Amino acid sequence: MSSQSNSNDLAEPLSPVEQAAIVLLSMGEEPAAAVLRCLSREELLGVTQVMSRLSGIKVESVKSALQSFFDDYREQSGIHGASRTYLKRSLDLALGSDIANNVLNSIYGDAIRPKMARLQWASPKWIAERIADEHVRMQAVFLAFLPPALAGEVIDALPSAGRDLVLLNVARLNEIDAELLTELEELVSRCLDSLGMQSASVQGVRQVADILNRLPGNRQQMVELLRAHDPEMVSEIEASMYDFFILSRQSETVLTRIIEDVSLEQLAIALKGAEPAVRDALLQAMPRRQAQSFEDTMRRSGPVPISRVEQMRREIMEQVKSLADAGEIEVQLFAEAVVE
């Protein structure tokens, strides 16, 4: 009896993102904010999403995450060459300011990139509007300094007639003269000055889904009232309410019933790239032999296109919703507070 209790008390292994989230939550608001400002948009969204979902974390998990952090810190915190400030002073004396800046830019990347990085929070349409009236060469230089994913979205938001010329000019870029860089810096500064005036984006569908998930009383009655106004919008809301991640918080009884209705092939595809919490919850709900067979099925399936994964997840969650609507399972749609 005691050995089983000890086994259950062992902390589940944490993913690197979950460990980072625990370290940030342990730091306090101001230090955590300083760290978050150093992350890319994708990194920040990923870690803050996990931070918002963490609840009921065991002490051993926190100790493990912090220990891993400090072990890495001790390993990485040695002296690794001169700082940029030190090199700048030295090269200014040896080569002169202009040449020193060119040398440093080749070592560290040009000084405009940190400013450009702040534009990743602007909508692509807003950025496209700011550069639409610039000459093609300037548009090309501007896009060359953006992260490729954002640059692609900005290109898509520019007038279709000139996109090919902009891309052609990007491809032809090699070295950029100082005059053009000065012009670029002025353009970026103008964008940053007006960045605070862009319209805010709100995920209305997600917000309504979260509200409905927490609505006491007859939730389905409210959904049907909304459906009478806008059936297509309600379909989006329902899809958001039944997000694939909610499987991670279901009881073993509910998960067992879902596994009975969904083929292992569907689950194997749907779990490609899924968060560990979802995968672990489903595996723990399976008998041991079935879980081993399922993991073998996942390994054999190999790489799967994201569109196929998303399709499988939608189909599975439609089956989950059907079971819930029929009263065969009681689905927990949002994370409730827990008490240790």
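Laboratory data are not the source of any read-out in this text; all were calculated from the coordinates shown. The structure presented is a predicted model; accordingly, all values stated were derived computationally and were not measured.
Extension gain, Arg206 to Ser293, is 27.7 nm, computed as 0.36 nm per intervening residue step minus the present C-alpha separation.
For region 242-325, a Kirkwood hydrodynamic radius built from all Cα pairs, placed in the Stokes-Einstein relation at 20 °C and 1.002 mPa s, yields a translational diffusion coefficient of 168 µm²/s.
Applying Stokes-Einstein at 25 °C and 0.890 mPa s to the Kirkwood radius of region 111-197, computed over alpha-carbon pairs, gives a translational diffusion coefficient of 190 µm² s⁻¹.
For Lys272, no residue has an amide H sitting under 5 Å from its own, ignoring neighbours fewer than 5 places away on the same chain, with H placed 1.01 Å from N.
Each Cα pair under 8 Å and six or more residues apart adds its sequence gap; the mean of these over the residue count of region 242-325 is a relative contact order of 44 percent.
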